[in-house]
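Okay, structure first, notes after.
The values are calculated or read from the model by the stated rules, or taken from the named source; none is laboratory data. Predicted, not measured: the structure shown is a model, and the values here were computed from it. So basically every Cβ, Gly included, is an ideal-geometry build from the backbone, and we count neighbours across all protein chains shown.
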């Protein structure tokens with residue numbers, strides 16, 4: 001069974017949210033771990049709860065072998081976002 005895709009922050013299309021947060025592919029997601037800022041997360045309206053939902057979604061995708069390196073990289077990025085949001 002495929003994991004359910006979480007919501008995006010209010011007022012942002014899934015496609016736009018994803019592109020602004022993790023870009024395209026595993027390499028972009030890994031780079032974003034080094035460059036994402038608290039200010040960007042605030043501008044996106046990303047909450048700790050939503051970041052955890054996306055982290056868990058990509059973790060499940062990776063465990064199921066869906067999304068290859070990209071799912072794992074996005075899971076790691078979302079964990080980093082959780083940590084940034086919890087530190088604020």
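Taking residues in the range 27-56 that are within 17 Å of residue 9 (Cα to Cα), and partners anywhere that are modelled with pLDDT of 95 or more and exposed (fewer than 13 other Cβ atoms within 10 Å of the Cβ), the pairs with Cβ atoms closer than 7 Å and at least 6 places apart or on different chains are 48/86. The helices (runs of 4 or more DSSP H) falling completely within the range 36-88 that include 2 or more residues that are within 13 Å of residue 18 (Cβ to Cβ) map to 48-63, 68-87. Tell me which residues, restricted to the range 6-20, are part of a loop (DSSP other than H, G, I, E, B) and surrounded by 12 or more Cβ atoms within 10 Å (Cβ to Cβ). Result: 6, 7, 8, 9, 12.
One residue stands out in the range 21-30 among those that are part of a helix (DSSP H, G or I) and exposed (fewer than 15 other Cβ atoms within 10 Å of the Cβ): the one that is modelled with the highest pLDDT, namely 27.
Inspect the range 60-73 for any residue being touching a helix residue (DSSP H, G or I) at 6+ places or on another chain (Cβ under 6 Å) and either loosely packed, with under 15 Cβ neighbours inside 10 Å or in contact (Cβ under 8 Å) with a residue 60 or more places away in the chain (or both) and give the result as yes or no. The answer is yes, given that some residue of the range 60-73 is touching a helix residue (DSSP H, G or I) at 6+ places or on another chain (Cβ under 6 Å) and either loosely packed, with under 15 Cβ neighbours inside 10 Å or in contact (Cβ under 8 Å) with a residue 60 or more places away in the chain (or both).
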